[in-house]
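The values are calculated or read from the model by the stated rules, or taken from the named source; none is laboratory data. Because the structure is a prediction, the values reported are computed rather than measured. Every residue, glycine among them, receives a Cβ derived from its backbone with ideal geometry; neighbour counts consider all protein chains shown. These area figures cover heavy atoms from the full protein model, side chains too; ligands, DNA and RNA do not enter into them. Shrake-Rupley method; radii C 1.70, N 1.55, O 1.52, S 1.80 Å.
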Amino acid sequence: MKYVNQPVRKSDAMSLVTGKPVYTDDLVPKDCLIVKILRSPYANAWIEDIRTGTAAQVSGIACVFTYKDVPQKRFTLAGQTYPEMSPYDRLILDRHVRFVGDAVAIVAGETEAAVDKALKRIKVKYRVEEPVLDIHTAMDHKTLVHPEGNWESKVPVGADNKRNLCASYTEESGNVEELLAQCKYTVDQVYHTKANQQAMMETFRSYCYMDHFGRLNVVSSTQIPFHVRRILGTALDIPSSKIRVIKPRIGGGFGAKQTAVSDVYPAFVTWKTGRPCKLVYSRYESQICSSPRHEMEIRVRAGADENGIVRVLDVYSLSNTGAYGEHGPTTVSLSGHKSIALYRHLEAYRFAYDVVYTNMQAAGAYRGYGATQGIFAVESAVNELAAQMHMDPVKIRELNMPLEGGPLPGYPDSPYATSCAMDQCMVRAKEMMDWDAKYPCRDMGNGKVRGVGVAMAMQGSSIAGVDVGGADLKLNEDGSYTLGLGCTDMGTGCDTIMAQIAAECLETSMENIVVFGVDTDISPYDSGSYASATTYTTGVAVMHACEALREKICALGAAMLDAEKAQVDFDGEYVYSSDKKVSLREIAVKGTCGNTQELQVTRSHSSQISPPPYMVGMAEVEIDKETGSVKVLDYVAVADCGTPINPNLARVQTEGGIAQGIGMALYEDVQYSEKGAVRNNSFMQYKIPSRMDIGSIRVDFRSSYEETGPFGAKSIGELVIDTPSPAIANAIYNAVGVRARELPITPEKIAMGILEQEERE
Amino acid sequence: MNISFWLNGVCVSGEAEPDTLLLDFLRQKGCYSVKRGCETANCGLCTVLMDGKPVLSCSVLAVRAEGHKIITLEGMQKEAEEFGSFLADEGAEQCGFCNPGFIMNVFAMLKEIPDPTEEEIREYLSGNLCRCSGFVGQTRSILKFLQYKKAQKEGEE
Ligand code: FES
Ligand code: FES
């Protein structure tokens, strides 16, 4: 193939590497008002009195808004297909503030200095109440995070605001208790994963202006332009038809921007004042009031027989959605569905969860979306099973992993593995790591021990039966094509990937395809880029659009040749009949003169299944037994993402996801004070991995072929963050015998573990 | 107060408050390649060259630039294209938001250490965060760029 499965350079690469002004804040109109938010110093409080008079008098201030000024209809900021699973529990500004950092007032003014001055002049009297800050006591706590009467859960997910419950659920297949009783080896442990910040380099931001039709235009760094349009319509209580959302280049998202974290504020200002404005979140705001990963505590009970066959899994997840429920009911479901399914011999499983409200910053979508948490727990539990039976952790996986055509227990979105090369991934990973030589550990003789560890993972490809990908394709007068997209390239390269697919299908060059996206006025509807959906779903929409446009080109070409349509062929350059031909250019020109057949098509696609991509990750760590400090020397990842449409981009996605996963495993932890304030509110305190923290990351692919994906492709973007935590925890155990069941695995935890071990001996 | 300095080879002047940061001043002057990723001098996105040395423009007051020579990526477009094409060929430019600061620091490094080892690369660039690429693709692009430069030089000799 000429373009598919080729390491094509991204179409926007050169403007990015030369620093061209292509991001939201590079494009704002000159006379933009600056918008800032006054934030609550309390985790749970009611505004008794708020005075803004002197603030509004500051010279250059355009407006000051409080809860008294905003519409009273609740909404969710979650970027999900309507009706959203996430509860409608927000107002733009509320009298009741529910976490430290919650919005109290909006100020817009001509200069930053004026806005800062006005913010200081707003006088607020709060009635402070006891906050809920512990996930264990949140359910049925006497303090309700959402006592309000107009709280609403649109979909039955087991939510109950009178119990601080954002979702609750149980499913069981087979008799779990009976099987656990029968199994020779069992594990019953609790694993704890923490909130992590996506920490994309470009913080949340958008700017707004009114156009000549009196419509609100929103340029936003978002993964979900079409959802933002709907969300703003609800929040501002105006028809969505009055809103247009445009997505320029984005400086990273990783799920953070699958929540409309900051758009409502500038949208409200521009709608009310008619003046253009912008809001750029500081890093501080991005740390304290954004959309981090859900903290989860997951109890896993697992049972295996004497041959190492895992027969039963029982997973209970307690998830912390924080003060608002964005993505609360959905992330948690992946913690079971994407982890239990990794074990094909299960005769019984149970999966249950509770998602609780607390007075902490609202959680959201972060790459992996709950699967990451669940896979850490289940893979760790299976490693504990393997240790009990003195079995190599690779071996237990070889015995139990998903196989092509085999079952995926408890994964309703694809009950069996339509395409799966997990076995080959394991073979290749073993070889790359030289596992047999290195397992379990090597004493380096200087107080340092090296150990290796392993984990498997799977994710989905789109939300089955929900996500919609769209492609709009037209032939231009000059014989070039324009491909309109609604999926959101956030650096991942999907604009390029879609052009590769189109070029392949249309037998033309990439340069001949202009990609356009995203503008909700013009782009075809697309759910947006999340849920590992883009390549898999929108890719098929592009293929279908190409097929349909080829038909149209053939029809017009045939008419020009006085031939039957069935008799002509198109090779990308010419339409042929037996003895004559007409060029694409001529057909394109014909399309502009006296023509009644549009050379343009739009196609939508949605998949009924969500075929998982698979991965094996292996870590080699070095631990200083004295200090407990740990270094990831080498990380080997072998992925089956089906056909990698662009192997370079798939590789870098994988490397980037693993680096983030290393951060999750070893460093990252959004911590709160006893009063509920985020402690690590800057990059000074919240350490994401730097290049000094990353050893080598080596990536390879073993590809199955997914019939339902474009050219056999599945997803890659989220899968890649799932293995580091369990693989690194396993490597640490294999090196020094310390079981880390709580992330991040800090040197203190390792050193303490080593000490406890020594005391026991 | 009024300040003036050399920006990408051209003398510019303008009004700056005593607390105006160089980063904001440069963006006001149209140098949009200069990005902000934090407020705590931890990310390296705002890196520019001051008299040939890399500085974090978020931690330098605009008035400090008075009379100095500031170079941003806008002033090194040819070089950016040359090195950037290696980054792009790895797919490691990703979202691109960290690229200008990273690339400026790569140039600074190559001036100081013409033939750096992998370890030296890591150390020199350790202040340049990137959340997308996982860094290893960036390193590959630097190593390949060095090879290319070497071959180019050998060809000339
Ligand atoms: S903006 Fe982060 S170091 Fe300057
Ligand atoms: S490429 Fe996105 S932060 Fe580096």
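For this structure, a couple of remarks:
- Complete set of residues in the range A:423-437 that are open to solvent by 60 Å² or more (accessible area, probe 1.4 Å) and of a type outside the set (Gly, Ala, Ser): A:Asp423, A:Gln424, A:Val427, A:Glu431, A:Asp434, A:Asp436
Condition check ((1) crowded, with 21+ Cβ neighbours inside 10 Å; (2) in contact with a Pro (Cβ under 9 Å, 6 or more places away or on another chain); (3) of a type in the set (Phe, Trp, Tyr)) across all residues:
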| residue | (1), (2), (3) |
| --- | --- |
| A:Arg442 | no, no, no |
| A:Gly445 | no, no, no |
| A:Arg450 | no, no, no |
| A:Val454 | yes, yes, no |
| A:Gln459 | yes, yes, no |
| A:Asp467 | yes, no, no |
| A:Ala471 | yes, yes, no |
| A:Leu483 | yes, no, no |
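- Condition check for A:Asp89: away from chain B (no Cβ under 14 Å), in contact with a His (Cβ under 6 Å, 6 or more places away or on another chain) and not hydroxyl-bearing (Ser, Thr, Tyr): yes
- Test for B:Gly134: is it over 25 Å from A:Pro21 (Cβ atoms), among the small types (Gly, Ala, Ser) and either within 16 Å of ligand 2 (Cβ to nearest atom) or in contact with a Pro (Cβ under 8 Å, 6 or more places away or on another chain) (or both): yes
- When A:Gly274 is tested against (1) open to solvent by 10 Å² or more (accessible area, probe 1.4 Å); (2) touching a helix residue (DSSP H, G or I) at 6+ places or on another chain (Cβ under 9 Å), just one condition goes unmet, and that condition is (2).
- The range A:1-33, residues that are at pLDDT 95 or above and more than 12 Å from every other protein chain (Cβ to nearest Cβ): A:Lys2, A:Tyr3, A:Val4, A:Asn5, A:Cys32, A:Leu33
- Any hit, the range A:613-621, residues being open to solvent by 20 Å² or more (accessible area, probe 1.4 Å) and touching a residue at least 40 places away in the same chain (Cβ under 8 Å): no
- A single member of A:Asp634, A:Asp624 is under 24 Å from A:Met752 (Cα atoms), in contact (Cβ under 8 Å) with a residue 60 or more places away in the chain and not small (Gly, Ala, Ser), and it is A:Asp624.
- Scanning the range A:307-345 for residues that are β-branched (Val, Ile, Thr) and closer than 30 Å to A:Pro147 by Cβ gives A:Thr321, A:Thr330, A:Thr331, A:Val332.
- Residue match in the range A:86-98 (condition: touching a Pro at 6+ places or on another chain (Cβ under 6 Å) and under 30 Å from A:Thr331 (Cα atoms)): no
- Qualifying residue in the range B:2-20 (condition: closer than 22 Å to A:Arg691 by Cα, open to solvent by 10 Å² or more (accessible area, probe 1.4 Å), touching a strand residue (DSSP E or B) at 6+ places or on another chain (Cβ under 9 Å) and assigned to a loop (DSSP other than H, G, I, E, B)): no
- Among the numbered conditions (1) assigned to a strand (DSSP E or B); (2) farther than 19 Å from A:Glu177 by Cα, the only one that A:Glu326 does not meet is (1).
- Single unsatisfied condition, A:Thr538 versus (1) of a type in the set (Val, Ile, Thr); (2) in contact with a Cys (Cβ under 6 Å, 6 or more places away or on another chain); (3) open to solvent by 20 Å² or more (accessible area, probe 1.4 Å): (3)
- Taken together, the residues in the range A:477-527 that are within 16 Å of ligand 2 (Cβ to nearest atom) and in contact with a Gly (Cβ under 8 Å, 6 or more places away or on another chain) amount to 7.
- Residue within the range B:79-102 that is within 15 Å of ligand 2 (Cβ to nearest atom) and in contact with a Pro (Cβ under 6 Å, 6 or more places away or on another chain) present: no
- Strands (runs of 3 or more DSSP E) within the range A:155-269 that include 3 or more residues over 27 Å from A:Ala659 (Cβ atoms) and of a type in the set (Val, Ile, Thr): A:185-193, A:243-246
- When A:Lys675, A:Lys687, A:Lys749, A:Lys714 are checked against the criterion of being basic (Lys, Arg) and open to solvent by less than 30 Å² (accessible area, probe 1.4 Å), A:Lys714 stands alone in meeting it.
- Pairs where the first residue, in the range B:65-93, is more than 10 Å from chain A (Cβ to nearest Cβ) and the second is surrounded by fewer than 16 Cβ atoms within 10 Å (Cβ to Cβ) and of a type in the set (Asp, Glu), C-beta under 7 Å, 6+ apart: B:His68/B:Asp51; B:Lys69/B:Asp51
- Answer from A:Ala235, A:Ala304 - the residue that is surrounded by 21 or more Cβ atoms within 10 Å (Cβ to Cβ) and assigned by TED's automatic domain parsing to the domain that holds A:Asp116: A:Ala235
- On the stretch given as the range B:26-53, residues that are under 9 Å from the mean Cα position of the chain (by Cα), within 11 Å of ligand 1 (Cβ to nearest atom) and either assigned to a loop (DSSP other than H, G, I, E, B) or free of Cβ contacts under 8 Å to residues at least 60 places away in the same chain (or both) total 5.
- Unique residue being of a type in the set (Val, Ile, Thr) and either within 30 Å of A:Cys505 (Cβ to Cβ) or buried (at least 21 other Cβ atoms within 10 Å of the Cβ) (or both) when the list is A:Ile697, A:Ile754: A:Ile697
- Residues located in the range B:36-48, provided they are away from ligand 2 (no atom under 16 Å from the Cβ) and open to solvent by 10 Å² or more (accessible area, probe 1.4 Å): B:Glu39, B:Thr40, B:Ala41
- Matching residues, the range B:94-111, being open to solvent by less than 10 Å² (accessible area, probe 1.4 Å) and more than 10 Å from chain A (Cβ to nearest Cβ): B:Val106, B:Ala108, B:Met109
- Matching residues in the range A:63-102 - criterion: being of a type in the set (Gly, Ala, Ser) and either under 20 Å from A:Thr143 (Cα atoms) or open to solvent by 10 Å² or more (accessible area, probe 1.4 Å) (or both): A:Gly101
- Positions within the range A:566-596 being of a type in the set (Lys, Arg), open to solvent by 100 Å² or more (accessible area, probe 1.4 Å) and outside any strand (DSSP E or B), in sequence order: A:Arg585
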